[in-house]
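Data block below; observations after.
Readers should treat all values here as calculations from the given coordinates under stated rules, not as data from a laboratory. Keep in mind the model is a prediction, meaning the values are calculated, not measured. Every residue, glycine among them, receives a Cβ derived from its backbone with ideal geometry; neighbour counts consider all protein chains shown.
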Amino acid sequence: QVQVVESGGGLVQPGGSLRLSCAASGSIFSIYAMGWYRQAPGKERELVARITNGGTTDYADSVKGRFTISRDIAKNTAYLQMNSLKAEDTAVYYCRAESAIGRSWGQGTQVTVSS
């Protein structure tokens, strides 16, 4: 199995920045992609960004140019750098690892953008 744990959420003012981290453990050799998703109150969970082992990235239109996903394979960690944050970015952010075993979700970390 693969386990993932998120960290780095918090309260930030509009226009500010945060970096989220996602640490993977377990059968990490089987991971071929990692992604960040978010879910705001009353809304469905949505893809924010995803990165494959080969470095291919995919972003939601709403975050392109503001968020950057990266991955340190040696550290088994994925990151989400979030800049120019907006109130509408407020949500619980979840990390997901995709592996030959299946999909593994973290518990989520709250990001609140407010003045």
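Overview of results
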read-out: Label point at Gln39 placed 7 Å out along Cα→Cβ; residues across the range 78-115 whose backbone nitrogen lies under 15 Å; value: 91-97, 104-111
read-out: Taking the chain and dividing mean pair separation by its residue count, relative contact order in percent (alpha carbons under 8 Å, at least six apart); value: 38
read-out: Of the GluC sites (Glu not before Pro) in the range 1-103, those whose Cβ has at most 10 other Cβ within 10 Å and which sit in DSSP loop; value: Glu44
read-out: Sorted peptide list for 54-67, 99-112, criterion being average Cβ within 10 angstrom, highest first; value: 99-112, 54-67
read-out: 25 °C / 0.890 mPa s Stokes-Einstein diffusion coefficient of the chain, Kirkwood radius on C-alpha pairs, µm²/s; value: 176
read-out: DSSP bridge orientation in the range 1-75 - percent antiparallel, rounded to nearest 5; value: 100
read-out: Relative contact order computed over the range 65-115 (Cα-Cα under 8 Å; 6+ residues apart), in percent; value: 29
read-out: By average C-beta atoms within 10 angstrom, highest first, the peptides 30-37, 70-77; value: 30-37, 70-77
read-out: Residues of type lysines that Lys75 reaches as a straight line, Cα spacing below 24 Å, ignoring anything fewer than 8 places off in the same chain; value: none
read-out: Size of charge dipole - the range 1-97 - debye, nearest 20, with Cβ of Lys, Arg +1 and Asp, Glu -1, no other charges; value: 100
read-out: Segment Arg103-Leu47, length gained on full extension (0.36 nm per residue, minus Cα span); value: 18.8 nm
